[in-house]
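Heads up, the thing below is written out as structure tokens.
The values are calculated or read from the model by the stated rules, or taken from the named source; none is laboratory data. Fair warning: this is a prediction, and the values are worked out from it, not measured in the lab. Cβ: placed from backbone, ideal geometry, glycine included. Neighbour counts: every protein chain shown.
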């Protein structure tokens with residue numbers, strides 16, 4: 001098996017993996033990263049989203065060969081318990097999660113949006129989160145949380 005190198009949450013990693021194995025399998029199985037979840041397995045639900053070069057992408061159908069030399073960020077790379085990302089603080093303040101299964105993918109989608117557009121409109125937030133499925137009914141709180149985080153980022 002070839003060694004595939006990439007950046008994961010700011011650190012260079014090298015993994016021996018089948019080039020056609022999915023990034024999600026490697027993140028969870030070899031690297032112990034637990035925030036991306038297996039949902040649909042077809043890149044349709046958003047539970048497995050990670051940022052790849054600042055774009056939210058499904059890791060469940062992303063082959064390892066495609067991430068060589070890329071920058072991957074998971075929820076673990078956004079913030080820590082001691083220094084949470086503004087999105088994490090806003091999601092807590094707005095009580096914008098219930099079961100939590102979809103939240104890491106939603107936070108990744110929101111973080112990617114705020115990287116390319118630090119002052120999004122409500123419509124832009126809704127469009128950015130549209131690919132993430134949530135069955136708990138907390139979508140409106142999630143939108144408020146993203147707007148709250150954008151406001152915090154703008155004033156810091």
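A few comments on the model shown:
- Filter result for residue 103 (within 15 Å of residue 145 (Cα to Cα) and surrounded by 20 or more Cβ atoms within 10 Å (Cβ to Cβ)): yes
- So residue 50, is it touching a strand residue (DSSP E or B) at 6+ places or on another chain (Cβ under 9 Å), buried (at least 20 other Cβ atoms within 10 Å of the Cβ) and assigned to a strand (DSSP E or B): yes
- Note on region 30-45: residues that are touching a strand residue (DSSP E or B) at 6+ places or on another chain (Cβ under 7 Å), in a loop (DSSP other than H, G, I, E, B) and at pLDDT 95 or above total 2.
- Qualifying residue in region 87-96 (condition: modelled with pLDDT under 95, surrounded by 14 or more Cβ atoms within 10 Å (Cβ to Cβ) and in the same structural domain as residue 131 (by TED's automatic domain parsing)): yes
- Within the option set 132, 117, being over 26 Å from residue 40 (Cβ atoms) and either in contact (Cβ under 8 Å) with a residue 40 or more places away in the chain or touching a helix residue (DSSP H, G or I) at 6+ places or on another chain (Cβ under 7 Å) (or both) holds for one residue only, 117.
- Any hit, region 75-84, residues being within 15 Å of residue 149 (Cβ to Cβ) and over 16 Å from the mean Cα position of the chain (by Cα): yes
- Among (1) closer than 18 Å to residue 113 by Cα; (2) in contact (Cβ under 8 Å) with a residue 60 or more places away in the chain - the single one residue 50 does not satisfy: (2)
- Residue check for residue 123: under 14 Å from the mean Cα position of the chain (by Cα), in the same structural domain as residue 87 (by TED's automatic domain parsing), assigned to a helix (DSSP H, G or I) and without any contact (Cβ under 8 Å) to a residue 40 or more places away in the chain: no
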